[in-house]
Amino acid sequence: MAKRRKKHRNRKTDYILYVFTIALCAFTVIVLLSGREKDGAGGNGTVENARDGGGTAVQAADGQEAAGTAMPRQDIAAGQSLNPGAGVESVSDIGVTGGAGEESRAGTDVTDSAGEESRAGIGVTDSAGEESRAGTDVTDSAGEPGGAGAEKPGITLIMVGDILLHTPVAESGKREDGSYDFSAVFAEMQEEISSADLALVNQEVILGGEELGISGYPAFNAPYELGDALVSAGFDVVLHATNHALDKGKRGLVNCLTFWQETYPDIAVLGIHGSEAEQEEIYVYEQDGIRISVLNYTYGTNGIALPQDMPWAVDLLDRERVAEDLRRARELSDFVIVCPHWGTEYVLEETAEQKGWAEFFAENGADLILGTHPHVIEPVEWVNAAAEGEDDRGTLVYYSLGNFVNWTSGTGEGVANRMMGGMAKVTIGIDETGEAVITSYGVEPLVCHVEQGYGGVTVYPLDEYTEELAGRNEIVDQDSQFSLSYCRKLAGEVFGSLYFP
């Protein structure tokens, strides 16, 4: 009996172990499946392609190469292809609040109450239908951001204002061995710049190289290393049609073109030309089946005449020429951008001349206008919008993006204004009619921080600039009004509803 009872106990024990093993296996399978489902849910937000900092063409999300050409210029790099999947992805500048009530900064992924991931950016709309502080979603007649086209990939575009190499800025990039490195200028902005599909910059001064002597105001000349820094920061298109294009004459312009063509042939350089044939080219960037052309002009060259043997060296604001370029651009592309160097320096509002040119651009087919030159920020508005109830939204105008980087020698009231810039942030998509349109837009205020010493000049997003940094900014010695609160107030007054501190 004793053996039987023992034998019986073994069978019972075996049975219990068998059942326990089955239960443990089932529990493990459930846990693994649950983890896989969670991983899958997190991948529906965006599809991003790799980016080469040197401007090399890369694969977009749909497997096609995103290319920029200046008919017939070589392809240039596409930055980041966005695939909204089941939702609409917008790109923003200042804090965005998701359904959980957490605020994000530019470039931070947040999750709304529906569980969908959105990238902090321009015009993000939360689950309650309220628009974020960061910008504006363009809404169709049904009230849906972007209309039917919002379900298709959009092209994200950014542009910043003047790269103005005053002498202290140049000195901030000079190493002990005499070489230059300007990476510190872009260090706080590089991630945002490089993540855009198409990044534009207004290169105010010519890159004539050290052989012509590095110089500041009034006749600027920058070392080639500044061009290296622009490419490393992630810019795809460099705009050179400025009033300083001929500061070093024909030789400076030729040196600049040679540097770009030999060192970075895939970077699009607009506004200056080495031949008449180059001036006839229209730059076109293509991604996700959308073709975008970009034109660049300046009001003049500070009274310096064009070289007699190079009358096509700089693109000037000539109505006949501009109208013909716009006509050709519309034939070659679905969306047309004009980048004019215009306006009056240090004026915080657009002039009548700027408004007249904006209307002219719009009437001749421009969809987006990104202005520079005043060295201070100016308002953003739509011009030539259709009557209420019609589909045409008109042309979006950023009158001036101000300075990206500068360290003026000026003193007194108004100098603080020159330390504020703006980053235009626009998404271009396809609407329900198949037309390329602006689906969202906004502006990110920027602050140029300046301190003596190597690496002492850096540009920050305003929402990341601190009281401590503002207190160290040496521009306060030139204009005592400069402060963090001053910068926030200025951004609000000029950009209005596009910025709320």
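Each value in this text was obtained by applying a stated rule to the coordinates, not by laboratory testing. Everything numeric in this text was worked out from a predicted model, so none of it was measured. Don't worry about glycine lacking a Cβ; one is built from the backbone with ideal geometry, like all the others, and counts go over all protein chains shown.
So here's what we get for this one:
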quantity: Phi to ³J(HN,Hα) by Karplus 6.51 cos²θ - 1.76 cosθ + 1.60 over segment 204-218, Hz, x for Gly, Pro; calculated: 4, 10, 6, 9, x, x, 5, 4, 9, x, 6, 8, x, 4, x
quantity: Residues Ser172, Ser480, Ser179 arranged by fewest to most Cβ contacts within 10 Å; calculated: Ser179, Ser480, Ser172
quantity: Between segment 190-247 and segment 327-374, the Cα center-to-center distance that results, in Å; calculated: 21 Å
quantity: Cys448, Cys256 arranged by Cβ crowding within 10 Å, fewest neighbours leading; calculated: Cys448, Cys256
quantity: 5 angstrom amide H check on Arg291, placed H, neighbours 5+ away; calculated: Asp334, Phe335
quantity: Derived scalar couplings ³J(HN,Hα) [segment 371-379; Karplus, 6.51 cos²θ - 1.76 cosθ + 1.60; whole Hz; x for Gly, Pro]; calculated: x, 9, 3, x, 6, 9, 6, 9, x
quantity: Residues with amide H under 5 Å from that of Val457, placed H, sequence gap 5 or more; calculated: Glu451
quantity: Amide H contacts under 5 Å for Gly394, placed H, 5+ residues apart; calculated: Ala386
